[in-house]
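The structure under discussion appears below in the form of structure tokens.
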Amino acid sequence: MFNTNYFLSRLDTNSICKSFEYFDEINSTNTYLLEKEEFRNGDLVLAEFQTAGRGRQQRKWLAMKELNLTFSLGLIPKIQPEYLSRINFTVALAIAETIDEITNFTTEIKWPNDILLNGKKFCGMLIETQFEGLTISKFVIGIGLNILQTDFPDEYKSRTTSLKLFFNKDFSREEILSCFINKFSEIYKFTESDFDKIYKKWLSKCSLLGKEISLSNGIEKFRGIVKNVEQDGTLILNSNGIIHKLNSGDVTIIKKD
Ligand code: BTN
């Protein structure tokens, strides 16, 4: 069981986490925060199990009870709306650096927001926003991190991993979550003022630059070489000289033997 006191004791005093709610079971930590009436900046919600965990592109997020981290952080960013997508970079970088520090291994970021260990996904993010008029009222960062789960459904096995499966050892969920929150709290304040630094670090961990990929966004399928990911999150794909600017989708790296 997640040790809340130990987790809270590890948070820096200036941490962004202002309230922590723990659920044994919930539908989805993202849904909970999106529906919460008294939503505050810095609300952190963690569940041992989600009955309706959600992934990107309307997929389900399945994670076994008490073995992983499934949590959401709620923010009310005081940031220009056109810069909101920068927070995605900040979150992904904070997760990747947390895991690098704890494991002494170099993770990679796969656009848009997956974190990989040797090409296998162990962490995904679902970021959802609510507006009141033109002002952002809720910014919910949902993160699923596979930590101690070693058994995955057959259809995911070839492309999914967990820290335990990959490193063959146990990790403390409390240490990982507190390290992430501390790191994110530290760099989040620079999302607007010093974004270049965050962006460059993110790019240096991005596994797709220069690679040949196929990308499906549910409507169309593209194939080409990744030229860049721009500061607003747009992926630039060169398909035989035609440049596509893509905002979302599922990417497969085309391996040539
Ligand atoms: C993805 O890679 O498809 C994103 C997965 C995001 C899963 C997390 S788990 C905590 C939070 N609550 C949800 O329902 N989804 C996110």
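Read the figures in this text as sums done on the coordinates, not as results from a lab. Not measured: the values here are computed from a predicted model. Positions of Cβ are generated from backbone atoms using ideal geometry, with glycine treated the same way; all protein chains shown enter the neighbour counts.
Can you give me the distance in nm between label points at residue 18 and residue 160, each placed 7 Å from the Cα along the Cα-to-Cβ direction?
Going by the 7 Å Cα→Cβ label model, 3.5 nm.
Please find, in a Gaussian network model of the chain (springs between Cα atoms separated by less than 10 Å), the residue of 183, 110, 164 whose mean-square fluctuation is greatest.
Looking only at 183, 110, 164, the largest GNM fluctuation is found for 164.
For residue 209 and residue 83, calculate 0.36 nm times their separation in residues minus their Cα-Cα distance, and state this gained length in nm to one decimal.
Contour length minus Cα-Cα distance gives 43.1 nm.
Please sort through the DSSP H helices of the chain and keep those with an alpha-carbon extent of at least 20 Å along the long axis and a Kyte-Doolittle average not below -0.5.
86-103, 173-188
Please work out the Cα center distance from the stretch 156-176 to the stretch 79-118, rounded to the nearest Å.
Between the Cα centre of the stretch 156-176 and that of the stretch 79-118, the gap is 17 Å.
Excluding residues on the same chain fewer than 8 positions from residue 189, give the lysines whose Cα lies under 17 Å from its Cα.
Within the straight-line cut-off, residue 189 pairs with 18, 78, 197, 200, 201.
For residue 207, enumerate residues with amide H under 5 Å from its amide H, sequence gap 5+ or separate chain, H modeled in the peptide plane.
Those qualifying (amide H under 5 Å, at least 5 residues apart or on another chain) are 109, 110, 111.
Between rounded, prolate and oblate, where does the stretch 1-106 land on the alpha carbon gyration tensor, with a ≥ b ≥ c its root eigenvalues, rounded for a/c under 1.5, else prolate if a/b exceeds b/c?
Because its axes are fairly even, with a/c under 1.5, the stretch 1-106 counts as rounded.
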